[in-house]
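S.K.: Right, I'll just put the structure down here and ask away after.
Nothing in this text is a laboratory measurement; each read-out follows from the coordinates by a stated rule. Keep in mind that what you see is a predicted model, and the values were worked out from it rather than measured. Please note: Cβ atoms are built from the backbone with ideal geometry, for glycine as well, and neighbour counts cover all protein chains shown.
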Amino acid sequence: MAHFMISAAHKSSGKTTVSIGLCAALKVSGKVVQPFKKGPDYIDPLWLGQAAGRACYNLDFHTMQADEIRELFARHMAGAGVGVIEGNKGLYDGLDLDGSNSNAALASLLGAPVVLVLDTRGMTRGIAPLILGYQAFDPNIRIAGVILNSVGGPRHESKLRRVIEHYTDVRVIGSVPHDESVRIEERHLGLMPSNEAEEAQRRIDRIADHVGGNVDLESLLEIGASAPEFPPSGKKVKTSFIARVRIAIARDTAFGFYYPDDLEALQQAGAQLVPFDTLRDPGLPADLDGLFIGGGFPETSMERLEANRSMRDSIRRFIEEGGPAYAECGGLMYLCRTLSWNQRRCEMVGVIPADVEMHQKPQGRGYVRLCETARHPWPLARSVGVNAHEFHYSGLEDLDAGIGFAYDVARGFGVDGQHDGLVYRNLLANYSHMRNVGSNNWAERFVAHVATLARKR
């Protein structure tokens, strides 16, 4: 079970581009690559999954227990030749003072040797104390190699290598020159998602050539092979079969933020997921029992969403007639009356009595803690808090005062700093993104809700 973690000293070091390039280059070399991403994220996993040719799975201390992380990791490593775990932020960064939710903590949990991607711009001799400090900070973390990124040229690389060899015992396994042509466009929520990039595969191929040609892949695989074996914990996140139902799911360039294990849980519970395109299809698929619209960037496609009036009408009819529906973040935005961004305003579906306004700064960002209210249409069997995450620059204006909420917000922002989870007829729409885990089996509960209403209808 060879695996390693790609981390960095700080965010924006280029580790995502390096990770994408390594996944693609290792795949080209004939390896079966299983990618993972630490923390809550949709965009990086889309790129990593496309580069590796296998779905990327998130490993997150906030929503998952340690044994769930180990079980998910072991389950998806089955049949893989090498696992690539991309960290988030810096190696030791995290919410807690003790680092219990840091990249280092995840590396320790999974026995993953760490490869640091170091942004070398403006650095020469100063790289040595940086590496030495990261080694000394936690002796239990094995920094097995470094990849020098954004190197200025052969002379710069030579200086860096001499310094590292003289002062440290860390192996340099790659030196990646600065190259703007492999940079992935960024926007307000991070990298542009690969489901929007028409040339995504060509970009991945260029990144693979650039990174793979400047990293010693054999040394990297040796590092991965040095990871200790560990048995699965034996405790699994179980999803029970509920009923056969057809659930339409928006899958297009506007909506693509879905966790693959959540979709798998929906299917294991009995859902047939029927994809549809909000931009091109004339209406929802036929013979539906339920509807799921996940997150995304509706603001970048707002004119096309508005132009497809027949689809908006079809969704509105389904919800108004009592069809069970679930929406997260971008899906919530799409279901409101209007969406305004950059001095433009477009009509949306119109079932949620509110208007969406995009802002320059995040309105909700990071981990959230929610408490269910009596209005939740498919509640947990026991009264416990729900851990989730949010990241939205939009806010709701002129929300109808009579609308109910499924959650009180104990941490985070949600819709208004106090509530999240708008409830209208059989629709639940929240800014928070859920994760189907042992403490919050939302997929199973949603399928049961859909099945119950299908029998009544």
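S.K.: Over all distinct alpha-carbon pairs, what is the Kirkwood Rh of the chain in angstrom?
M.R.: This gives a value of 23.1 Å.
S.K.: Right, next: Before anything else, pin down the relative contact order of the range 199-282: Cα pairs under 8 Å, at least 6 apart, normalised by residue count, whole percent.
M.R.: Values: 51 pairs, mean separation 25.6, N = 84.
Relative CO of the range 199-282 lands at 31 percent.
S.K.: Let me ask you something else. Given points 7 Å out from each Cα along the Cα-Cβ axis, report the ASP209 to HIS10 separation in nanometres with one decimal.
M.R.: 3.3
S.K.: For the range 245-456, give the share of DSSP beta bridges that are antiparallel, in percent and rounded to the nearest 5; count only bridges with both residues there. Working shown, then result.
M.R.: Details: 31 of 51 bridges.
Antiparallel bridges: around 60 percent, rounded to the nearest 5.
S.K.: Something else now. Quick one: check the C-alpha center-to-center distance for the range 403-457 versus the range 58-114, whole angstrom.
M.R.: 27
S.K.: By per-residue mean of other Cβ atoms within 10 Å, what is the highest-first order of 284-292, 378-386? Could you put the intermediate results ahead of the total?
M.R.: Working: 284-292: 19.2, 378-386: 13.7.
Going from most to least packed, we get 284-292, 378-386.
S.K.: In the chain, what percentage of the DSSP-assigned beta bridges are antiparallel, given to the nearest 5?
M.R.: Values: 34 of 81 bridges.
If we restrict to bridges inside the chain, about 40 percent are antiparallel.
S.K.: On each of the three principal axes of the Cα atoms of the range 245-456, give max minus min coordinate, whole Å, ordered largest first.
M.R.: Taking the Cα atoms of the range 245-456, the three principal extents are 45, 39, 32 Å.
S.K.: Over 23 Å between Cα atoms, which of LYS11/LYS38; LYS27/LYS159; LYS27/LYS89; LYS37/LYS89; LYS15/LYS37 qualify?
M.R.: From LYS11/LYS38; LYS27/LYS159; LYS27/LYS89; LYS37/LYS89; LYS15/LYS37, over 23 Å: LYS27/LYS159; LYS27/LYS89.
S.K.: How far apart, in nanometres, would the label points at ALA381 and LEU132 be if each is projected 7 angstrom from Cα along the Cα-to-Cβ direction?
M.R.: Reported label-point gap for ALA381 and LEU132 is 5.7 nm.
S.K.: Rg to Rh ratio, the range 3-225, alpha-carbon atoms and Kirkwood radius?
M.R.: Numbers: Rg = 16.3 Å, Rh = 17.4 Å.
Ratio of gyration radius to Kirkwood radius: 0.94.
S.K.: Quickly estimate the mean residue ellipticity at 222 nm for the chain, helices only: each DSSP H run with n ≥ 4 gives -39500 (n - 2.57), and the total goes over all residues, rounded to 500. Provide the component values of the computation, followed by the final result.
M.R.: Numbers: 13 runs with 139 residues, N = 457.
Dividing the helical sum by the residues of the chain leaves -9000 deg cm²/dmol.
S.K.: So what is the relative contact order for the range 3-225, in percent, with contacts set as C-alpha pairs under 8 Å and at least six apart? It would help to have the intermediate numbers written out before the result.
M.R.: On the way: 406 pairs, mean separation 59.8, N = 223.
For the range 3-225, the relative contact order is 27 percent.
S.K.: Another question, if that's okay. What per residue convex hull volume, in Å³, do the alpha-carbon atoms of the range 283-347 yield?
M.R.: Values: hull volume 5.0 nm³, N = 65.
So the per-residue hull volume is 77 Å³.
S.K.: Can you tell me the relative contact order of the chain? Whole percent, Cα pairs under 8 Å, sequence separation 6 or more.
M.R.: Working: 996 pairs, mean separation 61.6, N = 457.
Over the chain, the number comes to 13 percent.
S.K.: Write down the percent of antiparallel bridges among all DSSP beta bridges whose residues are both part of the range 3-225, to the nearest 5. Each step should come with its number before you reach the end.
M.R.: Working: 3 of 30 bridges.
Within the range 3-225, antiparallel bridges account for around 10 percent of the total.
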